[in-house]
Amino acid sequence: IEPRFIPSLSMFPTFAVGDQLLVEKVTKHFRGFHAGDIVVFDPPEALILKGYKKGDAFIKRVVGEEGDEVEVKDGILYVNGKARKEDFIAEKPNYDWGPKIVPDGMVMVLGDNRNQSYDSHLWGFLPTKNIIGRGALKYWPPGQFRSLIYSE
């Protein structure tokens, strides 16, 4: 388990700048990543080429798993042709993307603040080997203490 803080609004309203969470780094070794998981990761090659460094951790939500067909159209996220219910996003995306199939060994990640997030819709799929761990618990600010384990 590792503490992390939120440096930007890309995951708003789930996280605000300065919020803190615990990231668990064990289950990634024996359980795959699933839609809804909040993950912290090292930047993929596409971001390294843009000047980010390996230690520049990002936090986003998994929206597509390997083999999924993902599309954003008319402000709605579709996975395998079905609209996803996303009551946690700041606003509907103002862009269209895809459809594209998530390759093996990859996931698609988006920020909850869809229109203010530098994520897979701009730089591509995320290799799962870059994932440091899953968000497990938001502990700061104290009045917003809660589990981050997602279930539909």
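Please go through region 34-69 and pick out each residue that is of a type in the set (F, W, Y) and touching a Leu at 6+ places or on another chain (Cβ under 9 Å).
Here is the first cut: in region 34-69, the residues of a type in the set (F, W, Y) are 41, 52, 58.
Scanning region 34-69 gives F41, F58.
Quick one: is S147 closer than 23 Å to D19 by Cβ, open to solvent by less than 60 Å² (accessible area, probe 1.4 Å) and hydroxyl-bearing (S, T, Y)? No.
Would you mind stating whether I131 is within 22 Å of E45 (Cα to Cα), out of contact with any Ser or Thr (no Cβ under 9 Å at 6 or more places or on another chain) and hydrophobic (A, V, I, L, M, F, W, C)?
On the way: within 22 Å of E45 (Cα to Cα): yes; out of contact with any Ser or Thr (no Cβ under 9 Å at 6 or more places or on another chain): yes; hydrophobic (A, V, I, L, M, F, W, C): yes.
So I131 fits the description; yes.
Checked against (1) under 28 Å from I48 (Cα atoms); (2) of a type in the set (D, E, K, R); (3) without any contact (Cβ under 8 Å) to a residue 24 or more places away in the chain, R146 passes all but condition (1).
Mind counting the residues in region 20-55 that are within 15 Å of the chain's Cα centre (by Cα), acidic (D, E) and more than 20 Å from L137 (Cβ to Cβ)? Adding up the residues that qualify gives 1.
Residues in region 120-144 that are at pLDDT below 95 and either open to solvent by 60 Å² or more (accessible area, probe 1.4 Å) or among the small types (G, A, S) (or both) were compared, and the one that is farthest from A16 (Cα to Cα) is A136. Whether a residue is crowded, with 16+ Cβ neighbours inside 10 Å and in contact with a strand residue (DSSP E or B) (Cβ under 7 Å, 6 or more places away or on another chain) was assessed, and F12 does not pass this test. Looking at G75, G51, which one is at pLDDT below 95 and out of contact with any helix residue (DSSP H, G or I) (no Cβ under 8 Å at 6 or more places or on another chain)? So the residue among G75, G51 that is at pLDDT below 95 and out of contact with any helix residue (DSSP H, G or I) (no Cβ under 8 Å at 6 or more places or on another chain) is G51. Taking each residue of region 69-92 that is in contact (Cβ under 8 Å) with a residue 40 or more places away in the chain and looking for partners that are open to solvent by less than 90 Å² (accessible area, probe 1.4 Å) and hydroxyl-bearing (S, T, Y) with beta-carbon atoms closer than 6 Å, six or more apart or interchain, yields F88/T14.
The values are calculated or read from the model by the stated rules, or taken from the named source; none is laboratory data. The model shown is predicted, which means the values in this text are computed figures rather than measured ones. No Cβ is skipped: glycine too gets one built from the backbone with ideal geometry, and neighbour counts run over all protein chains shown. SASA here: full protein model, heavy atoms, side chains in, ligands and nucleic acids out. Shrake-Rupley method; radii C 1.70, N 1.55, O 1.52, S 1.80 Å.
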